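The values are calculated or read from the model by the stated rules, or taken from the named source; none is laboratory data. From a predicted model like this one, the values you see are computed outputs, not experimental measurements. A quick note on method: Cβ atoms are made from the backbone with ideal geometry, for glycine too, and the neighbour counts reach across all protein chains shown. What goes into the accessible areas is simple: the full protein's heavy atoms, side chains included, and nothing from ligands, DNA or RNA. Shrake-Rupley method; radii C 1.70, N 1.55, O 1.52, S 1.80 Å.
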Amino acid sequence: MIVTVTMNPSVDIAYTLPHLNLDQVNRCNQVSKTAGGKGLNVTRVIHQMNQDVVSTGLLGGALGDFIRESLTKDGIKHNFSDIDGQTRNCLAILHDNGAQTEILEAGPTITAAELKRFEQVMANLLPESDVMTLSGSLPKGIPTNYYVRLLELMSKDSIKVVLDTSGQSLIEVLQSSVKPYAIKPNLDELSDLTNQILTADETALKQALTADIFEGIPLIVVSLGSDGAFVKYTDRFYRVTIPKITVVNPVGSGDSTVAGIAIGLQKKESIEKVIKRAMALGMSNATHQATGYIDQDSYQEFEKQILVQEI
Ligand code: ADP
């Protein structure tokens, strides 16, 4: 089974307005409210691929209930740990022909007792887990090295962990002695990690991925948006070329790629197949308006057109 972990979920609200009037009342007829957070996007894509998945993390208040209900309605298994604080809203206002104004709540502050309760939930899930995904930021109150703690909890059960986070919580993992099986930085995240401005130049990418901080991580997928990906698997490097597609909304494509990696690891597929599935899911997501949505037809069509070359 695949377990997805979302420590800082949100209910994402999208308001679509022809024009945003500042300092005035704006009335909105087009409203969407969805269970959000990177890990929940990963969950939805794994579920749409008909794979067994359980979603866990922290939820509280009425918005926590909303997320539980929407997962149940979609037929997705979940086992979240309760917190006293309120799960947050993240608001995106789409206005004026393509402008997007976002207001992101910081979210609740987590207590030590709540983290302990969450670890009990995790401990119950570990025996059934083959692959785990850890996605997104950590809410306030949780130390930045908390993903290291989770990796330590999982290390005894030989669970393959796909980690998709950034900033200090990723650096803490890279500097620790417990390693995830896979990470999926995009070009900006890899540039930040290696203190240089990287492009799709393969020689520079190869050199960047051989830095000491990446030692011990078998699979590194550097996603390059419309340029596909550059991959390091053990001591081998791959260039991944994808076809041009008509993009509607690429938000959540990285999460869909993570879902593809997790499915491929769960099925113990060849590295070429893992990469193709991960790319095709990212691409399929980019052809939909909704975040964390794919369809089988475009996924299968894209997968046939992806080229994975060892270099
Ligand atoms: P992130 O969302 O983490 O920044 P990317 O934007 O690199 O990740 O997207 C992940 C994957 O989704 C890409 O490697 C690619 O397969 C697909 N993808 C994303 N954006 C596009 C695009 N504009 N055209 C085609 N494929 C895309």
- prompt: What are the semi-axes of the equivalent ellipsoid of segment 68-200, taken as the square roots of 5 times the eigenvalues of the Cα gyration tensor, listed largest first and rounded to whole Å?
  reply: 26, 24, 16
message: Test of understanding: what is the full-extension gain from GLN86 to THR234, defined as 0.36 nm times their sequence separation minus their Cα-Cα distance?
response: 49.1 nm
statement: For the chain, the charge dipole (Cβ of Lys, Arg +1; Cβ of Asp, Glu -1; about the Cα centre) points to a positive end, and the Cα of ILE294, THR6, ALA92 closest to that extreme belongs to ILE294
query: In the full protein assembly as shown, how much of LEU174 is accessible to a 1.4 Å probe, in Å² to the nearest 10?
result: 10
task: Grab the DSSP H runs of the chain that are 4 residues or longer, score each as -39,500 (n - 2.57), total them, divide by all residues and round the 222 nm result to the nearest 500 deg cm²/dmol.
output: -11000 deg cm²/dmol
field: Extended-chain gain in nm, criterion 0.36 nm per residue less alpha-carbon gap, MET1 and GLN24
entry: 3.3 nm
message: Can you find, among TYR233, THR210, ASN145, the residue sitting farthest towards the positive end of the charge dipole of segment 138-249, where Lys and Arg contribute +1 and Asp and Glu -1 at Cβ?
response: TYR233
- request: Could you order CYS28, CYS90 so the one with the most accessible surface comes first? Probe is 1.4 Å.
  value: CYS28, CYS90
In order through segment 68-75: 3J(HN,Hα) via Karplus (6.51 cos²θ - 1.76 cosθ + 1.60), integer Hz, x for Gly, Pro: 4, 5, 6, 5, 4, 4, 7, x
message: Can you pull out the GluC sites (Glu not before Pro) in segment 63-106 whose DSSP state is coil and whose Cβ has at most 15 other Cβ atoms within 10 Å?
response: GLU105
message: Restricting to lysines 8 or more places apart or on different chains, can you count the pairs in segment 164-311 with Cα atoms under 16 Å from each other?
response: 13
Residue (of SER176, ILE83, ASN124) at the positive-pole extreme of segment 61-185, dipole from beta-carbon charges: SER176
query: Using θ = phi - 60° and the Karplus curve 6.51 cos²θ - 1.76 cosθ + 1.60, what whole-Hz ³J(HN,Hα) does each residue of segment 192-197 get, with Gly and Pro shown as x?
result: 4, 5, 9, 6, 8, 8
field: Inter-centroid distance (Cα atoms) of segment 254-302 relative to segment 46-68, Å
entry: 19
task: Among the trypsin sites (Lys or Arg not before Pro) in segment 83-177, which ones are in a DSSP loop with at most 10 other Cβ atoms within 10 Å of the Cβ? Mind listing them?
output: LYS156
- request: Counting other Cβ atoms within 10 Å, keep those with at most 15, restrict to DSSP loop, and tell me which trypsin sites (Lys or Arg not before Pro) in segment 7-72 are left.
  value: ARG27
- request: Note the full-extension length gain between ASN145 and GLU269 as 0.36 nm times their separation in residues minus their Cα-Cα distance, in nm to one decimal.
  value: 41.5 nm
Simple label model, 7 Å out from Cα along Cβ direction - SER158 to VAL178, nm: 1.8
Only Lys, Arg (+1) and Asp, Glu (-1) charged, at Cβ; segment 13-87 dipole about Cα centre in debye: 240
message: Step by step: find N for segment 50-143, compute 2.2 N^0.38 Å, then divide the Cα radius of gyration by it. What's the final number?
response: 1.25
query: So which residue, out of TYR299, TYR147, TYR15, gets the largest mean-square fluctuation from a GNM of the chain using Cα contacts under 10 Å as springs?
result: TYR15
field: For q = 0.08, 0.09, 0.11, 0.12 Å⁻¹, Debye-computed log10 I/I(0) when each Cα of the chain counts as one equal scatterer
entry: -0.35, -0.44, -0.67, -0.80
message: Could you tell me the calculated FRET efficiency between SER32 and ALA200, based on Cβ-Cβ distance and R0 = 30 angstrom, to the nearest 0.05?
response: 0.35
